[in-house]
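Here the structure comes first, spelled out in structure tokens, and everything after it is commentary.
The values are calculated or read from the model by the stated rules, or taken from the named source; none is laboratory data. None of the values given here were measured: they were computed from a predicted structure. Every residue, glycine among them, receives a Cβ derived from its backbone with ideal geometry; neighbour counts consider all protein chains shown. Keep in mind that these areas ignore ligands, DNA and RNA; they rest on the heavy atoms of the full protein, side chains included. Shrake-Rupley method; radii C 1.70, N 1.55, O 1.52, S 1.80 Å.
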Amino acid sequence: KTEFFLQKKGGRRRLNQGLASVAASSHRFEASVRGYTAGTPTFFNIHVREYYSTTQYLDYNIRRRYSDFEKFRKMLVAVHGDSRVPNLPTKIQPIMQKKDTFLAARATGLETFLKRVVNTEIYQGHYLFEFLAKNQAQQSLTLGSQVSANVVSGSSINTVLE
């Protein structure tokens, strides 16, 4: 079990999660939106690289709906305030814009939002871990390590970590 500590008014609050036994502060994420699957509903494909140290990481892909991003942002706003949390792209499609053009622009906007959150230290905690949950990965996970700046190695894990 991992114990996450988040600062709250009046002290620290402990959150117990059934994840790998690594403290939240030792993690770093990289995330990018790598397209979408149009339909009802539309899913956005997110590639996540979760670093456990400066050289050890885990690669995986997850899918999220726009409404998942809205819920995630709402949780961040509840903790940090609306003015501090990046905005999401619009949900309403302009009348004269083609759906594919709109969804591509939305995917770009969601990636901008995600990169701002992932790269801001105050958002590194329980809600980010929950949103980027590897137990919902759409494929096998890949463990990797960076030996130097130019060399990357990796190996696959066929089961989903819990």
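What is the calculated FRET efficiency for Gln56 to Glu130, with r their C-beta to C-beta distance and R₀ = 30 Å, to the nearest 0.05?
Given R0 = 30 Å and the Cβ-Cβ separation, E is 0.85.
Within segment 24-56, what residues put their amide N at less than 16 Å from the label point 7 Å along the Cα-to-Cβ vector of Thr108? Output list for this probe position: 33-36.
Taking 7 Å steps out from each Cα toward its Cβ at Ser67 and Lys98 produces label points 2.8 nm apart.
Per residue, how much accessible area does segment 27-99 show when a 1.4 Å probe rolls over the protein heavy atoms, in square angstrom? That works out to 57 Å² per residue.
Once you list every other residue whose beta carbon is under 10 Å from the beta carbon of Phe44, what net charge do they have if Lys and Arg are +1 and Asp and Glu are -1? Provide the component values of the computation, followed by the final result.
Working: positive: Arg34, Arg63, Arg64, Arg65, Arg106; negative: Asp68, Glu111.
With Lys, Arg at +1 and Asp, Glu at -1, the net is +3.
The distance between label points at His47 and Asn119 comes to 1.7 nm (points 7 Å beyond Cα on the Cα→Cβ vector). Using the Karplus relation 6.51 cos²θ - 1.76 cosθ + 1.60 with θ = phi - 60°, the per-residue 3J(HN,Hα) values for segment 112-118 come to 4, 4, 4, 5, 5, 5, 4 Hz, with x marking Gly and Pro.
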